[in-house]
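Colleague: My questions all concern the structure below.
The values are calculated or read from the model by the stated rules, or taken from the named source; none is laboratory data. The shown structure was predicted, so the numbers you read here are calculated from the model rather than taken from an experiment. Note that we place each Cβ from the backbone using ideal geometry, even for glycine, and neighbour counts take in every protein chain shown. Remember, those area values only see protein heavy atoms, side chains included, never the ligands or the DNA or RNA. Shrake-Rupley method; radii C 1.70, N 1.55, O 1.52, S 1.80 Å.
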Amino acid sequence: MDALPRPRHKRGMDRLSLIDTILRMLAIGQLLLIAIVIGRGGAPRSIRVATALLLFGVASYLTIATPAFRLHPSPFWALIELFAQSVPLMLWVFAHLLFERPIDRRVAIAGLILLVGCWTGLFCARLFGWDGRWTISIVQRGTSLLFAGHAIMIALSERGDDLIEKRRRLRVGFVVVVGALAFIVIALEMIFGYRVGSYLAVGQACAILIATSAMGVALLQSDPDLLFDPDRPAPVPSLSPAEHVLNARVTEAMAGAVHREPGLTIGGLAERLGVPEHRLRSLINQRLGYRNFSAFLNHHRIADAKVWLADPAKVDLPVLTLAMDLGYGSLAPFNRAFREDAGQSPSEYRRAAIIGERKMPIDSEIDRAFPAPRSRPANDGLTTDGTALPDGAA
């Protein structure tokens, strides 16, 4: 007896499922290839590791969301789910490293604890049939939204401070492509879980494939401009006549303490000098070797801070007042910038600069403060124990 033909909508669903699987497998292969290339590149180890983990996490998410793989789950399925759930956290770390922002270790540790805790809770709930999976999922995806949103904010904030044109363009792509896609994917998971409708799944797979292709091209073509080595020496200035004139004007402006102006931006400095912003940006980045305008300002501000801290006439000037006079909005960014430059806090630097100039030994200081009693004259008529000497012995 011949088998009954399958309904037309079933055949359409199978075709959509096949297309979805193909698109996701293409994206997985592409992600793993990019991770290998970047992992073997010349970027700093921290960026290489963060990038590889981020790409592997996205590949893990695509794996657990691929229909063909869901039919035959691997014994390592729980570990793959852990990597998939770590994508927002790794995206947050990647954004900090790529855009050269300090990572708050407290936030990173808290995010890691929440990640492992939610993953463990979901695994145990599924294994032992416990209730509360929905609550744990809400916590996990809510945390993911927070990390993804902060990564977007990092890419958007201080874009004007960035002096690298390729990275400035990447910030826009990072926000529009990766950030928006992460929000959409997490929102769909909160509504449908991993098993979305076929048409929606194909659209999601297409968007992820396009996003991974665009990010891969940007990262690989821009290396080493983006995935840089921060310890490499600054380029030797080689200025054209026009750049030499502009550099002299910048130097004159810095000598006039324009760098101490609070909230100074590269656009404001370019307007003050009467030059196009892109010319000033190119000079500071490509000729003077600064990757951020804030690093350029900090160089001049910290140089002034060292002079002031070593000046005995300013020994009573509070560090907070000094930071405000240098153009910082608060004490924390000044302390961070000073420690990165000098390897010690401003107070420690002042103590070493002022007290360290005194070469007097400690014993001499004690002797001056507490002088030893003078010896009695030999002819005072007394012995060492205070008794009278015999007649004629004095």
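Colleague: State which residue pairs qualify: first residue farther than 18 Å from residue 80 by Cβ and inside the stretch 106-121, second residue surrounded by 13 or more Cβ atoms within 10 Å (Cβ to Cβ) in any location, beta carbons under 6 Å apart, and separation of 6 or more residues or different chains.
Modeller: Within 6 Å, the pairs are 111/89; 114/143.
Colleague: Does residue 153 qualify as being of a type in the set (A, V, I, L, M), assigned to a helix (DSSP H, G or I) and at pLDDT below 70?
Modeller: It is false that residue 153 is of a type in the set (A, V, I, L, M), assigned to a helix (DSSP H, G or I) and at pLDDT below 70.
Colleague: Mind telling me which of the residues 301, 336 ends up being open to solvent by 60 Å² or more (accessible area, probe 1.4 Å), among the basic types (Lys, Arg) and either in contact with a helix residue (DSSP H, G or I) (Cβ under 6 Å, 6 or more places away or on another chain) or part of a helix (DSSP H, G or I) (or both)?
Modeller: 336
Colleague: Then there is this: Would you mind telling me which numbered condition in (1) in contact with a helix residue (DSSP H, G or I) (Cβ under 6 Å, 6 or more places away or on another chain); (2) open to solvent by 60 Å² or more (accessible area, probe 1.4 Å); (3) under 22 Å from residue 340 (Cβ atoms) residue 290 fails?
Modeller: (2)
Colleague: Given 84, 108, which one is open to solvent by 20 Å² or more (accessible area, probe 1.4 Å), assigned to a helix (DSSP H, G or I) and either of a type in the set (Gly, Ala, Ser) or more than 21 Å from residue 53 (Cα to Cα) (or both)?
Modeller: Answer to the selection: 108.
Colleague: If I filter the stretch 290-303 for residues that are touching a Pro at 6+ places or on another chain (Cβ under 6 Å) and either in contact (Cβ under 8 Å) with a residue 40 or more places away in the chain or closer than 22 Å to residue 262 by Cβ (or both), do I get at least one hit?
Modeller: Checking the stretch 290-303: not a single residue is touching a Pro at 6+ places or on another chain (Cβ under 6 Å) and either in contact (Cβ under 8 Å) with a residue 40 or more places away in the chain or closer than 22 Å to residue 262 by Cβ (or both).
Colleague: Could you list, in sequence order, the residues of the stretch 87-105 that are in a helix (DSSP H, G or I), under 21 Å from residue 333 (Cβ atoms) and open to solvent by less than 20 Å² (accessible area, probe 1.4 Å)?
Modeller: Answer for the stretch 87-105, where residues must be in a helix (DSSP H, G or I), under 21 Å from residue 333 (Cβ atoms) and open to solvent by less than 20 Å² (accessible area, probe 1.4 Å): 92, 95, 96, 98.
Colleague: Provide a single number: the residues in the stretch 321-332 that are in a helix (DSSP H, G or I) and surrounded by fewer than 14 Cβ atoms within 10 Å (Cβ to Cβ).
Modeller: The qualifying residues number 2.
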